[in-house]
Amino acid sequence: MREINLKKILAIALSLIATTTVAANEVDKRRILPFNEMQRDHVLTEMRALLTGTQNILDALLREDMIAVARYARPLGMGMTHKAEDHLKAILPKEFMQLGMSVHKDFDQIAMDAESLKDPKHTLRQLSESMKKCNACHAGYQIRVKEQSAQPGMHSSHHQH
Ligand code: HEC
């Protein structure tokens, strides 16, 4: 009896230590993108547009409305990147940028093919293929907001006047 209790206590103690260690080593191991609030908002707004656009494309595909497919796919193409990406280009890892650009190129291709081939199955295949890149990037990166939303290039140490 006493031995069992000791074992239990030991098990609980060990699991507590394990939990603390995991917390100290960071639970989320994905590479961190250290953004300020504005940069985070910019990227996540674009992400939500990608999800909404993809859903709209699927809905149009269901109706085999290939004109609508092109209309929903085009805004997710390279045109999407011209908005405010310059300030992000400097701080984003190269592989992250390449993966992102490659997704935008896919949507341009999806729009073009929807118009010229008008083949829902072909579009569906392209979309499925391209969405592997959504998964690849999400598996590799996370956004963390820096404590002080400092301007790019500025240091968080405060000025002495
Ligand atoms: C080049 C990298 C990259 C690609 C490609 C990418 N994402 Fe993301 N996405 C991110 C990152 C980073 C986050 C934030 C994840 C985090 O901090 O946990 C995110 C978050 C999101 C979110 C959450 C938005 C919010 O408001 O919280 C959605 C939805 C999303 N992505 C959809 C998509 C879809 C759909 C695709 C593909 C069509 C896609 N993403 C492709 C990097 C990417």
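Numbers for the structure displayed
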read-out: Residue match in the stretch 44-63 (condition: within 13 Å of the chain's Cα centre (by Cα) and either of a type in the set (D, E, K, R) or at pLDDT below 95 (or both)); value: yes
read-out: Single match in GLN142, GLN160 (criterion: at pLDDT below 95, surrounded by fewer than 18 Cβ atoms within 10 Å (Cβ to Cβ) and not in a helix (DSSP H, G or I)); value: GLN160
read-out: Residue count, the stretch 97-149 (criterion: hydroxyl-bearing (Ser, Thr, Tyr), more than 11 Å from the ligand (Cβ to nearest atom) and in contact (Cβ under 8 Å) with a residue 12 or more places away in the chain); value: 2
read-out: Single residue of the stretch 82-133 satisfying the filter (part of a loop (DSSP other than H, G, I, E, B) and either touching a Phe, Trp or Tyr at 6+ places or on another chain (Cβ under 6 Å) or among the basic types (Lys, Arg) (or both)) that is surrounded by the most Cβ atoms within 10 Å (Cβ to Cβ); value: LYS118
read-out: Failed item, numbered, when GLY53 is tested on (1) surrounded by 14 or more Cβ atoms within 10 Å (Cβ to Cβ); (2) without any contact (Cβ under 8 Å) to a residue 24 or more places away in the chain; (3) more than 15 Å from ASP113 (Cα to Cα); value: (2)
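The values are calculated or read from the model by the stated rules, or taken from the named source; none is laboratory data. All values reported here derive from a predicted model rather than from experimental measurement. So basically every Cβ, Gly included, is an ideal-geometry build from the backbone, and we count neighbours across all protein chains shown.
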